[in-house]
Each structure stands twice: as structure tokens, then as C-alpha cells.
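Each remark here refers to the structure printed beneath this line.
The values are calculated or read from the model by the stated rules, or taken from the named source; none is laboratory data. Fair warning: this is a prediction, and the values are worked out from it, not measured in the lab. Positions of Cβ are backbone-derived with ideal geometry, glycine not excepted, and every protein chain shown enters the neighbour counts. Side chains are part of the model used for accessible areas, which takes the heavy atoms of the whole protein and leaves out ligands, DNA and RNA. Shrake-Rupley method; radii C 1.70, N 1.55, O 1.52, S 1.80 Å.
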Amino acid sequence: MSFFAGFFLALWAGVKQIFKHRYTLRYPEQKLDIFMINNQKSGGYEFDAKKQVGTAGFKGRHILYMDKCTGCSLCAIACEGIADCIDMVKVDKSFVQNKKSQFPQIDYGRCVFCGFCVDACPFDCLFETPFYELATTDKRSLVYTPEMLNEYPQLKGEYVKFIPDKKSGAHHG
Amino acid sequence: MEVVDQEGRTLTFSIGPQHPGSGHFRLIVKVDGDFIVDVKPDPGYVHRGAEKMCEERTYIQNIPHLERPVIFDSSGILFPYVLAVEELLGVQAPPRAQYIRIIMAELNRIISHLYWLAIYGIFLGHSTMFMWPMGDRELFIDLAEAIGGTRVTFSYFVPGGVRNDLPPGFKERALKTFSYYEKRLEEYDKIFFSNPMFLKRTQGIGVLKREDAIRLGVTGPNLRASGISSDTRKDEPYSSYETIKWDIPVRKEGDCYARSMVRFQELFDSLNIMRQALDLIPEGSVKIPMRGQIKGKVGESFARTEAARGTMFYHIISDGATHPYRVKISVPSFRSLSAMPFLLKGNHLADMPAIYWGLDYWPVEADK
Ligand code: SF4
Ligand code: SF4
């Protein structure tokens, strides 16, 4: 192939893209649909303590089921050598299964979203949700108390899927 | 550091540690006019003591930490670790987990190679080649995210298998992406790999001959580009790689062009390997249930795998406690460091980016 033919082909390969779909996710308006087709309760990564195996899902903000958590602090121990971001804190509310009212509190300034705390929980009450928009201007507000973790995060906005289309190019929709 | 020598002939200056694209790494370069006469690599800016850290943490707690040095190839650096720990535990991952590991490792290889390709594009002044692989990388990050749950650091391999099964409908989704991407790779070839600009910048530049490659101990694609057919996946098959058929891409030239083409060919090969793995994958469990803390038996274990940049090797010594006694990691990037001064000497300064990034040297991996 001659020198100029090579240049022309390269240019043409680039120019052709003008006639294809746009390949950009317009993020705050559009969000990528990362939900799995699994029928999880949390929508994200879960772990079955009996079978000792997880269910595929996004590892985002945690959800804590306070009505099931016994305050055993195994999740905090699991996280100790990883990011050391779980603290057991006392909650002003009485629970039958949790006499001391000790619940995990997670510092998202440190969490790496590895999900090993989920694997450690023997009572299936700490899972992860597909919520990831935790950015804030105040570092202290990254500490999520048990009550905050107990609430399911609000998922807002338009969720789009990624479509790899051979003819018209990959796009979101 | 002296800047100009006594006769005023040569000039010494440092490139990095904030060099765009080089990562946290410094090259002390001595030039005579436009020619490089001496190079001293200065690694160590991002040394985190990954090996020492392993001694204080349990086998599971080590996993998120060990991924950090190579986040683009996070499964590549974990793979030999879990194999070595499994050897200490005397277990083997179930067959389904072995194939899932292959899929994840190859996805990571593609993610890592695409990142390399994007930066190589911008190093050679081809900004379209920066945009395309970075965008297409999302395809594979999406797939890996569907399995592993996060974008880059999946913490997905654990001793005894993998943490979760493939999500339903993964195969169809993956095959659709692969066939789209294969078409896309043809366009890569037109715009970049057959582009006369790329050929001019890389052909005959930084030639690493067969003997030198062996002497300097480079591994992975860099070694294969110097005419040596060596791939740990073939030489010492692990995790059911022996059931998969593909040809090792080998090139004789040993220059930057050969190193690029080997990596380009590996993108096709990884797609091919994943296709086969998705066909061969058996039903069954993905993990050996292990409760409580993992304790290795007293002894040593070794494991070697082929990560994106070459051979990744672990040596773990256990004294029977819940954490390892000693972990030694041998990373492929550190090996290409020895070839770097050898290749750079005598070349034009303008060829430095092509040679430097052509080796796919990743400072964080080398520093650990
Ligand atoms: S996801 Fe990992 S880092 Fe975050 S709280 Fe759980 S164990 Fe700690
Ligand atoms: S979340 Fe689970 S592991 Fe953590 S304290 Fe509650 S019951 Fe124990």
C-alpha cells in the first residue's frame, strides 16, 4: 500500500464515524443502567451466608436491614484490615434481636466497595445497592449512620442501556 | 543532579515524575544534541509496600490491597495469589469457577491493553486513537462490572473459587459485544496500525533482539515481539487454559511496531479465548464454601500466571496462621525496566515516548 493510500484510508476510517451514532453518555441527565437481571432484594451484590456464595450485582452503597442485624460486629472485623471504615455504634431504639442496639456505621470516605463485609455477615442483613452517587462537599457527611444505611437509596434520573450496534455504531438508549 | 557537563556537550535532565502518561516515575536522561547517551530509570515513587502489608492481614483482607498496584489488570495480579493460597489450603477451584476466572482474566487483559493503546495513541500524536480505545474500553468494563460488581477493582477472585456466579443473560450480552468489537478492531487497523504515521514512528525503533530479550529477562508481549514463543498460559497451563485453543502471536522484528502488533493480536485472541470459555463452561458451583478465617498449612507455595503485561509470579510462605508469613510478588513491569535504558540509549529523544510506552511499563505495578 502506498504512503498516500494509507493516509487516505486512515482519514476515511475517521470521517466515516460522523455518520454513526454518538457514543457519549450524557452523565447527569443520563445514567448507565447497571442493574442486573437477578431478582435481588437490594438490587446489588448480595451474599447467601448458608451457601457461602454471592449473587452478581453492583457493589455500591450498602443497605442494612436493622430488623435483622444482631450487632455481632463480624462485618467490622472483616473490614478492619481492608479500609477500617465500619464502626459499631449505639442506636437509641430497642430491637429484639439486638439487645445492645449496636449497629455498623460506614465511613464512605474510606470504603473501597469490596463487599467483604457483605460476605462476612452471617445473618444476610448487610447488602450492597447499585447506588453510587455519594459525592458531597462535606467530608463528614460521608459517615453513614445505621439509620441512613437502613433506608433504601433514592434512584433518580433516566437510566439507559448500552447498545453495541454493528451497523450504526454503539450508542446509549 | 548535574545539568550541563564540563565541556558543555551533554545535558542531563529528568523526565517525570509528573510526566504526562508516564505515571509516577522518573527517567534521568542525558542527551547529546538530539541523541540520548545515557538513561537512568528512577522508580519507587509509588512504592506502597504491598508485600509487607500482606503479612499483617488475613488471606481475604489482602485481596483488595493486592489489586491496587494494577487496577487495569486487577484480576491479573490476583490470579496467581489465589492459586498460591489454594495450593496452601490444598483445594482447587471448581471447574465452573476456573472458566469464569479465564473470562475475567481475559476481560482484564483487554481492558489493560486498550488503556495501553489509548495512551500509546496520544504519545504518538494520534488523539483519535486515544478516544476510541478509551471509549471501547467501557464495553469490557461493562461486562466485567456485570460479573464483578465494580468498574475496575473487582475483588472477585477468592481462594476456593470466585465470589459469585455469572449474572443471567451474560453469555448473550458478551457475544453481542464481542462481535461488535471485532468489527471495530478492523477500523483500529485502518486508522492506526496501518497508518503510515504509526509505521514511521515505530518500525525499526527500539529493537530488542532475541538474545537481548532473554538476557534482560523481559516477559509477556515484549518477549513475544522478540521472536520467542513463550506464554505461561501455554507453557504451564493453569485454571483449565489447556482446554482452550489459540495461537501465540509471535513477531521477529523486536521493535516498537512488533510489540504493538503483538498486543493488537492479543485483543483478537482474548475475544477468541472468552468465546471458547463461554462455550465450554460447565454447570456447577463456583466456590468451595469456607467459613471463618482461612488458615494455610505450614509450608510454601508458588504460582505463575500470564497477566496482561507478562508473567506474574507469587511465592507465599505460611506458618499456619490466618495471615501469610511472607509474600513475594514478581511483577512483569519490573522486568521491562531492565530493558528500558538498553533500548533508549542511542535513540532520538523524540522516540522516547514510543519506546517507553511501547514496553507497557506501569510504574505502580513495578513499585508495588
Ligand atoms: S465494602 Fe469493603 S471497604 Fe467498604 S465497608 Fe465493606 S469491607 Fe469495608
Ligand atoms: S450487619 Fe451482619 S455482620 Fe454486621 S453486625 Fe449486623 S449481623 Fe453482624
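Here are some notes:
Listed here are the residues, each with its yes/no results for (1) within 7 Å of chain A (Cβ to nearest Cβ); (2) within 14 Å of B:Ile100 (Cα to Cα); (3) not hydroxyl-bearing (Ser, Thr, Tyr).
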| residue | (1), (2), (3) |
| --- | --- |
| B:Met134 | no, no, yes |
| B:Ile141 | no, no, yes |
| B:Thr150 | yes, no, no |
| B:Arg163 | yes, yes, yes |
| B:Lys171 | no, yes, yes |
| B:Leu185 | no, no, yes |
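- The criterion of at least 1 residues that are within 16 Å of ligand 2 (Cβ to nearest atom) and at pLDDT 85 or above is met by the following strands (runs of 3 or more DSSP E) wholly inside the range A:73-173: A:86-90, A:102-107, A:126-128.
- Residue selection: A:Ala76 satisfies the criterion of being open to solvent by less than 50 Å² (accessible area, probe 1.4 Å), under 21 Å from the mean Cα position of the chain (by Cα), within 30 Å of B:Ile288 (Cα to Cα) and more than 9 Å from every other protein chain (Cβ to nearest Cβ).
- A:Gly14 vs. criteria assigned to a helix (DSSP H, G or I), of a type in the set (Gly, Ala, Ser), touching a Ser or Thr at 6+ places or on another chain (Cβ under 7 Å) and more than 16 Å from ligand 2 (Cβ to nearest atom): yes
For every residue, the table says whether it meets (1) closer than 26 Å to B:Ala105 by Cα; (2) modelled with pLDDT of 85 or more; (3) more than 14 Å from chain A (Cβ to nearest Cβ); (4) not in a loop (DSSP other than H, G, I, E, B).
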| position | (1), (2), (3), (4) |
| --- | --- |
| B:Phe13 | no, no, yes, yes |
| B:Pro17 | no, no, yes, no |
| B:Val39 | no, yes, yes, yes |
| B:Met53 | yes, yes, no, yes |
| B:Tyr81 | yes, yes, yes, yes |
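- Scope the range A:45-54; condition surrounded by 22 or more Cβ atoms within 10 Å (Cβ to Cβ), part of a strand (DSSP E or B) and within 7 Å of another protein chain (Cβ to nearest Cβ); matching residues: A:Gly54
- Leading residue by the ranking (surrounded by the fewest Cβ atoms within 10 Å (Cβ to Cβ)) among those in the range B:219-246 that are part of a helix (DSSP H, G or I) and in contact (Cβ under 8 Å) with a residue 24 or more places away in the chain: B:Thr243
- Within the range B:298-323, the set of residues being open to solvent by 50 Å² or more (accessible area, probe 1.4 Å) and farther than 18 Å from B:Pro80 by Cα comprises B:Val298, B:Asp319.
- Remark: pairs (first residue in the range A:65-83, over 11 Å from A:Pro104 (Cβ atoms); second residue basic (Lys, Arg) and within 11 Å of ligand 1 (Cβ to nearest atom); Cβ separation under 6 Å; 6+ apart in sequence or on different chains) = A:Ala83/A:Arg110.
- Checking A:Asp165, A:Asp84 one by one, the residue that is more than 25 Å from B:Phe154 (Cβ to Cβ), open to solvent by 10 Å² or more (accessible area, probe 1.4 Å) and within 14 Å of another protein chain (Cβ to nearest Cβ) is A:Asp165 and no other.
Table: residues versus (1) in contact (Cβ under 8 Å) with a residue 24 or more places away in the chain; (2) farther than 20 Å from A:Cys117 by Cβ; (3) buried (at least 18 other Cβ atoms within 10 Å of the Cβ); (4) not hydroxyl-bearing (Ser, Thr, Tyr).
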residue: B:Gly149; (1), (2), (3), (4): no, no, yes, yes
residue: B:Thr153; (1), (2), (3), (4): yes, no, yes, no
residue: B:Phe157; (1), (2), (3), (4): yes, no, yes, yes
residue: B:Gly161; (1), (2), (3), (4): yes, no, yes, yes
residue: B:Gly169; (1), (2), (3), (4): no, yes, no, yes
residue: B:Lys176; (1), (2), (3), (4): no, yes, no, yes
residue: B:Lys183; (1), (2), (3), (4): no, yes, no, yes
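- Residue among B:Tyr120, B:Tyr81, B:Tyr115 that alone is of a type in the set (Phe, Trp, Tyr), within 16 Å of the chain's Cα centre (by Cα) and surrounded by fewer than 24 Cβ atoms within 10 Å (Cβ to Cβ): B:Tyr115
- For first residues located in the range B:273-287 and farther than 24 Å from B:Asp247 by Cα, partners that are in a helix (DSSP H, G or I) and of a type in the set (Gly, Ala, Ser) and lie 6+ apart or on another chain with Cβ distances below 7 Å form the pairs B:Val286/B:Ala97; B:Lys287/B:Ala97.
- Being out of contact with any strand residue (DSSP E or B) (no Cβ under 9 Å at 6 or more places or on another chain) and over 18 Å from B:Arg163 (Cα atoms) is a condition met by no residue of the range B:73-89.
- The residue that is surrounded by the fewest Cβ atoms within 10 Å (Cβ to Cβ), among those in the range A:104-134 that are in contact with a Lys or Arg (Cβ under 8 Å, 6 or more places away or on another chain) and over 25 Å from A:Leu32 (Cβ atoms), is A:Phe123.
- Candidate set: the range B:324-345, residues that are more than 17 Å from the chain's Cα centre (by Cα) and in a strand (DSSP E or B); chosen: the one surrounded by the most Cβ atoms within 10 Å (Cβ to Cβ): B:Val327
- Count of the range A:49-101 residues which are within 12 Å of ligand 1 (Cβ to nearest atom) and among the basic types (Lys, Arg): 2
- Applying the condition of being under 23 Å from B:Ile63 (Cα atoms) and of a type in the set (Ser, Thr, Tyr) to the range A:55-73 and asking which residue is farthest from the other protein chains (Cβ to nearest Cβ) yields A:Ser73.
- Members of the range B:54-113 that are among the acidic types (Asp, Glu), touching a Lys or Arg at 6+ places or on another chain (Cβ under 7 Å) and closer than 20 Å to B:Pro289 by Cβ: none
- Selection status of A:Tyr23, among the hydroxyl-bearing types (Ser, Thr, Tyr), within 16 Å of ligand 2 (Cβ to nearest atom) and either touching an Asp or Glu at 6+ places or on another chain (Cβ under 9 Å) or within 12 Å of chain B (Cβ to nearest Cβ) (or both): no
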